[in-house]
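The values are calculated or read from the model by the stated rules, or taken from the named source; none is laboratory data. For clarity, every value in this text was computed on a predicted model and none was experimentally measured. Glycine also receives a Cβ, built like all others from the backbone with ideal geometry; neighbour counts cover every protein chain displayed. Ligands, DNA and RNA are excluded from the accessible area calculation, which covers all protein heavy atoms including side chains. Shrake-Rupley method; radii C 1.70, N 1.55, O 1.52, S 1.80 Å.
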Amino acid sequence: MNTIPDFSINEIIENDCLTTVLQPLISMNRKGLLGFEALTRAINPRTGENIPPFTLFSLCTDIETLTELDRACRRKAFETFAPISKTDRTLLLSVNIDAAIINEETFNYGLTGKMVEECSIPAGNIILEIIESKAGCDAALTSFVDKSREHGFLIALDDVGTGHSNLDRIPALKPDIIKIDRSLITNINKKFHNMEVTRSLINLAERTGSLPLAEGIETVEEALTLMSLGIDVFQGFFFSRPIPAAMAINPDMTPLKFLASRFKTHVLEKLNRQKIMENSYKKMAGKLRETLMGTTPEVADAALSAFITENSNIECAYILDTNGIQVSETICNPYKLKENRRLIYQPAPAGADHSLKEYYLTIKTGNLWHTTEPYISLASGNNCVTVSTKMHNTPKSPILCIDIST
């Protein structure tokens, strides 16, 4: 049962009941700290009990109160970080700014600059972290970002990848850092779609000059997967929970060292698995190629169907001519098809043009074999790879294509 708090935001601020804890931002390339994110904690001014962050901010029933609390949290964060910054000028501090308060009426563009100046922190060491889903006025948000950059601050977009985030804000605001939300990160090593969306966000960040940062890391498997995708900067319980400022300057680097050591083994294991799978794919495709060599085009479909029946991990198979046009039907494993999605996922018919596909073009450049990266098959809707190879070693040889479950 929810109870009405017996205190107000004004009481918390006036009684100095706000504190800042710091969660490390870890750089694998640096093999150490990149900086911290400042997180606010509060205590009840009447009882001394801890106030959950959600409860604290839910007390703000109007924009004026929210603005007052947001500024108080920011000021406390700078005061907490100031001694650390003085010791090491390379460290960054990320502070959250509630985008709901960014509008022409309530936001003082010079206030944050005055705060860091009073704390003797270089503006270039401060990341202003915006949860863009809460922004109400695009013009005010763009103006805020532009003016903040003029003061030297770095800009981060938080929660990128959540259901409510707007990707069009990335080209509009050109953030220095894109924080990939934990909803994509959790169990990413087991979720193909999450992995591919994250891969796309990392590529987007790198191509637009932003630093991708993964937040919410809790397991070594998540961290290893993200390192494989190209992430360098991490934040999460796996590395460290939020800690008091007194502990922040020398955080425990054991998880980082373990991850760096484990990653080398992880890559070697992955390459070895890929080699084994590649050899098994080639062996399977080689057997099918031998089976088809003695057949005529009229019975090729039947031969494909018989082979698929004997090899249950094959999704489907088909044959292309030297121009990339499909000359056989797509013979599918009926147990692999998702009947409830057949209107979306349809096997390609005879006569379909595959001439722009990677698995065709690679063979046309002279390669005897090619295996694609895993993808969702348009024939079945399942995760698979396509193995392609020439039927025989002649310039005008047909090309055999096999979709194999992964």
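Of the residues Cys73, Phe263, Tyr345, the one whose Cα sits farthest toward the positive end of the charge dipole of the chain, with +1 on the Cβ of Lys and Arg and -1 on the Cβ of Asp and Glu, is Phe263.
Taking every C-alpha pair closer than 8 Å and separated by at least 6 residues, the mean separation divided by the residue count of the chain gives a relative contact order of 11 percent.
Counted residue by residue at 0.36 nm each, then reduced by the alpha carbon distance between them, the extension gain from Thr309 to Asn15 reaches 98.3 nm.
Relative contact order, whole percent, for the stretch 1-90 stands at 27, derived from Cα pairs under 8 Å and 6 or more residues apart. Taking GluC sites (Glu not before Pro) as candidate sites, keep only those in a DSSP loop with at most 11 other Cβ atoms within 10 Å, then name the longest stretch of the chain containing none of them. Within the chain, the longest run free of exposed GluC sites (Glu not before Pro) spans 106-406. Rounded to the nearest 20, the size of the Cβ-charge dipole of the chain about its Cα centre is 1820 debye, with Lys and Arg at +1 and Asp and Glu at -1.
A quarter of the convex hull surface defined by the alpha-carbon atoms of the stretch 242-317 gives 8.5 nm² as the mean projection. Shape descriptor for the stretch 112-212: Rg over Rh equals 1.02 (Cα atoms; Rh from the Kirkwood inverse mean 1/r). Kindly state, to the nearest 0.05, the FRET efficiency for Cys137 paired with Asp62, given R0 = 22 Å and r defined as their beta-carbon distance. That gives a FRET efficiency of 0.85. Starting from the Cα gyration tensor of the stretch 192-234, take the square roots of the eigenvalues, sort them a ≥ b ≥ c, and report rounded, prolate or oblate (rounded when a/c is under 1.5, otherwise prolate if a/b is larger than b/c, else oblate). Since a/c reaches 1.5 but b/c is at least a/b, the shape of the stretch 192-234 is classed as oblate.
Under the rule a/c < 1.5 gives rounded, and otherwise a/b versus b/c splits prolate from oblate, where does the stretch 265-406 land using the Cα gyration tensor? Verdict is rounded for the stretch 265-406. Using a 4.7 Å Cβ-Cβ cutoff, the cysteines of the chain lacking any partner cysteine are Cys17, Cys60, Cys73, Cys119, Cys137, Cys384, Cys401. Can you compute the FRET efficiency between Thr365 and Lys174 using 1/(1 + (r/R0)^6), with r the Cβ-Cβ distance and R0 = 30 Å? Round to the nearest 0.05. For R0 = 30 Å, the calculated efficiency reads 0.20. Which entries in Lys191/Lys336; Lys76/Lys191; Lys264/Lys287; Lys31/Lys114 show an alpha-carbon gap greater than 28 Å? Flagged as over cut-off: Lys76/Lys191; Lys264/Lys287; Lys31/Lys114. Between helix 63-87 and the chain, what is the angle of the helix's C-alpha long axis to the longest principal axis, kept within 0 to 90° and rounded to the nearest 10? Rounded to the nearest ten degrees, it is 90. A simple spin-label model places the labels of Ile376 and Asn250 5.1 nm from each other, with each point 7 Å out along Cα-to-Cβ. Which pairs break 32 Å Cα to Cα here: Lys190/Lys283; Lys179/Lys275; Lys257/Lys283? Check vs 32 Å cut-off fails for Lys179/Lys275; Lys257/Lys283. Note on the chain: Cα convex hull, mean projected area over all directions, 25.3 nm².
In the chain, helical runs assigned H by DSSP with n ≥ 4 each contribute -39500 (n - 2.57); averaged across all residues and rounded to the nearest 500, the mean residue ellipticity at 222 nm is -12000 deg cm²/dmol. Could you tell me which of rounded, prolate or oblate describes the stretch 45-98, using a ≥ b ≥ c as the square roots of the eigenvalues of the alpha-carbon gyration tensor, with rounded for a/c under 1.5 and, failing that, prolate when a/b is larger than b/c and oblate otherwise? Prolate. With protein chains left intact and a 1.4 Å probe, residues in the stretch 219-326 average 53 Å² of accessible area per residue. In this simple spin-label model, placing a label point 7 Å from the Cα along the Cα-to-Cβ direction at both Glu278 and Asp146 gives a separation of 5.1 nm. For the chain, the antiparallel share of DSSP beta bridges with both residues in that region comes to about 60%. Determine ³J(HN,Hα), in whole Hz, for all residues of the stretch 13-21 in sequence, where each value follows from phi through the Karplus function 6.51 cos²θ - 1.76 cosθ + 1.60 and θ = phi - 60°; x replaces Gly and Pro. Values, residue by residue: 5, 5, 9, 6, 9, 9, 10, 10, 10 Hz.
Spin-label model, Val197/Phe258: points 7 Å from Cα along the beta carbon direction are separated by 2.9 nm. When only Cα pairs below 8 angstrom with a gap of at least 6 residues are kept, the stretch 191-316 shows a relative contact order of 15 percent.
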